[in-house]
Amino acid sequence: MSTIIQGSHELFARENAGIMITTKNEKDAVSEEADAKLAAMGYKAELPRSLSFFSVLGLSFAIMAVPSGESVTLSIGLTDGGPVTIFYGWLLLTIISICIAASLAEICSAYPTSGGVYYWSAMLANKRWASIASWTTGWVGLVGNWTVTTSICFSGGQLILSAIGLWNEAYIPAAWHVVLMYWAVLLSALFTNILAAKYLNLINTVCVYWTGASVLIILVAVLTMAKGGRRNAAYVFTEFDATRAGWARGWAFFVGLLQSAYTLTGYGMVAAMCEEVQNPEREVPKAMVLSVVAAGITGVVYLIPILFVMPDVDKVLAVSTGQPIGYLFMVATGSAGGGFGLLFLLLGIQFFAGVGSLTAASRCLYAFSRDGAVPGSSLWSKINKQYNVPLHALLLSTLIQGLLGLIYLGSSAAFNAFTGVATICLSASYGLPVFVLLLRGRHLVDTAPFHL
């Protein structure tokens, strides 16, 4: 890795000094120029540049999966303060995330490679600290990628089982039921990434429209029907109840921010797709920032009606399946069928999130292995020519995530652990290159097309 880092520093210095890269084929000029810039960073282009700006935007939006992300962690916000924590926590985390996304976007614009955060740490640090900064950022980010995919697919399995509880409130899923359903969801994401790899552009695009339509349908359905009654505005915007938290009021609010922080984590993962996008130095940074803005707006539109039709909180938290959103929909629509109809929309969003997060996690492992930072790197960094994907990286990521699911057999608190680890690791991996840039100075990103 140190050789790559040293060579990349020298090549970038030469390019920034004014060396222009020309292309031979005018039709493929954009792709060739992007490949040439990648070569200047020390890497050979192996993946097809088949993703558009809108596709990368959709991928980032899919990984954050706002409606399902806020729904599967709803019990965290309700326990640690209620509406004030859920709504104002979302606004606070949106502002913070936009700031972080903009900072990462600028760095990504200067160094557009699938290595993402670990490569940026290497390029921004001085030669003495580049290797350790890169290695630390890379492993923290890789663990974050694996655990966020685990939590997304795990909660997807829980949501599917929660549908049974709409008709049978006495149903309590056994731990092995949850693990088997989790594996089924994870495998569906794996097979989609392999067999439908050439359709990922379409899948990510459809995700944006599915999510937008789902939010509008849920908003209209729960507010117009509201069979369980409506809360007043005072409850939605001023109610703060930390009696269930076990923390002091101030601490409860910050603990409850995990709900929003977990949802707003995926934007940095899309840097791993830089080598599959034309004009990555412009398109990926824009997708990072705009996806967070879009997620923030989506969250506000989704959360307000949910809080207005919130049933008795103790009953919501007592749902036996551990995922109360289906129960909330059932109460709001007045029927199990209506509740399942709205829950099905979230399951679709969850599917897109599982596919997108596994895509990003596999590319992260592929890039990190390409620099020799993972045991068995030569295997995980191979591209399968039949499917044009890092097949071994996909399989290893799926295997590790599948094994992590076994933790649930010993502890039902596994899901909260997955969400916590994912949020902490991804946030730390985003913060490290920004911190290095602050220490060393903004001259390192002066030539970035996306400049702050």
Q) What number of residues within the range 91-130 are over 21 Å from Gly266 (Cβ atoms), touching a helix residue (DSSP H, G or I) at 6+ places or on another chain (Cβ under 6 Å) and open to solvent by 50 Å² or more (accessible area, probe 1.4 Å)? A) 0
Q | Checklist (1) at positive phi; (2) in a helix (DSSP H, G or I) applied to Gly372, failing item | A | (2)
Q) Of all the residues that make up the range 370-410, how many are more than 21 Å from Ser50 (Cβ to Cβ) and open to solvent by 50 Å² or more (accessible area, probe 1.4 Å)? A) 11
**Q.** Leading residue by the ranking (surrounded by the fewest Cβ atoms within 10 Å (Cβ to Cβ)) among those in the range 267-309 that are polar (S, T, N, Q) and assigned to a helix (DSSP H, G or I)
**A.** Thr298
(Q) Tyr262 - would you say it is part of a helix (DSSP H, G or I), touching a residue at least 24 places away in the same chain (Cβ under 8 Å) and either open to solvent by less than 80 Å² (accessible area, probe 1.4 Å) or aliphatic (A, V, I, L, M) (or both)? (A) yes
(Q) For the range 326-351: of the residues being over 16 Å from Ile217 (Cβ atoms) and hydrophobic (A, V, I, L, M, F, W, C), which is surrounded by the fewest Cβ atoms within 10 Å (Cβ to Cβ)? (A) Ala336
Q. If Asp446 satisfies every condition in (1) under 30 Å from Leu159 (Cα atoms); (2) open to solvent by 60 Å² or more (accessible area, probe 1.4 Å); (3) of a type outside the set (Phe, Trp, Tyr) but one, which is the exception?
A. (1)
Q: Could you tell me whether the range 178-199 includes any residue that is outside any helix (DSSP H, G or I) and over 17 Å from the mean Cα position of the chain (by Cα)?
A: yes
Q: For the range 130-137, state whether one or more residues are more than 25 Å from Phe352 (Cα to Cα), within 19 Å of the chain's Cα centre (by Cα), in contact (Cβ under 8 Å) with a residue 40 or more places away in the chain and in the same structural domain as Ala336 (by the TED database).
A: yes
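Looking at Thr359, Thr333, which is the one that is of a type in the set (S, T, N, Q) and farther than 17 Å from Ile152 by Cβ?
On the way: Thr359 fails: farther than 17 Å from Ile152 by Cβ.
From the options Thr359, Thr333, the qualifying one is Thr333.
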Q: Among the numbered conditions (1) at pLDDT below 85; (2) touching an Asp or Glu at 6+ places or on another chain (Cβ under 9 Å); (3) open to solvent by less than 40 Å² (accessible area, probe 1.4 Å); (4) not in a loop (DSSP other than H, G, I, E, B), tell me where Ala36 comes up short.
A: (2)
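Of all residues in the range 261-286, count the ones that are among the acidic types (Asp, Glu) and either touching a strand residue (DSSP E or B) at 6+ places or on another chain (Cβ under 9 Å) or within 15 Å of Ser427 (Cβ to Cβ) (or both).
Of all residues in the range 261-286, those among the acidic types (Asp, Glu) come to 275-276, 281, 283.
Narrowing further to those that are either touching a strand residue (DSSP E or B) at 6+ places or on another chain (Cβ under 9 Å) or within 15 Å of Ser427 (Cβ to Cβ) (or both): 276, 283.
Number of matching residues: 2.
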Q. Considering only the range 144-175, how many residues are farther than 21 Å from Phe351 by Cα and either assigned to a helix (DSSP H, G or I) or among the aromatic types (Phe, Trp, Tyr) (or both)?
A. 3
Q | Among (1) among the acidic types (Asp, Glu); (2) open to solvent by 70 Å² or more (accessible area, probe 1.4 Å); (3) in contact with a Pro (Cβ under 7 Å, 6 or more places away or on another chain) - the single one Glu169 does not satisfy | A | (3)
(Q) Restricting to the range 201-233, name every residue that is more than 24 Å from Met330 (Cα to Cα) and open to solvent by 40 Å² or more (accessible area, probe 1.4 Å). (A) Asn201, Leu202, Val206, Tyr209
Q.
Let me confirm something: among Ala393, Ala417, Ala353, which residue is part of a helix (DSSP H, G or I), closer than 25 Å to Ala197 by Cα and modelled with pLDDT under 95?
A. Ala353
Q.
Criterion first (more than 27 Å from Pro280 (Cα to Cα), outside any loop (DSSP other than H, G, I, E, B), open to solvent by 10 Å² or more (accessible area, probe 1.4 Å) and in contact (Cβ under 8 Å) with a residue 12 or more places away in the chain) does Ser75 satisfy it?
A. yes
Q: State yes or no: is Ser162 within 30 Å of Gly42 (Cα to Cα), touching a Phe, Trp or Tyr at 6+ places or on another chain (Cβ under 9 Å) and touching a residue at least 40 places away in the same chain (Cβ under 8 Å)?
A: no
Q: Give me a count of the residues in the range 343-380 that are touching a Leu at 6+ places or on another chain (Cβ under 6 Å) and without any contact (Cβ under 8 Å) to a residue 12 or more places away in the chain.
A: 0
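The values are calculated or read from the model by the stated rules, or taken from the named source; none is laboratory data. If you're wondering where the values come from, they're calculated on a predicted model, not measured in any experiment. Don't worry about glycine lacking a Cβ; one is built from the backbone with ideal geometry, like all the others, and counts go over all protein chains shown. For accessibility, only protein heavy atoms count, side chains too; no ligands or nucleic acids. Shrake-Rupley method; radii C 1.70, N 1.55, O 1.52, S 1.80 Å.
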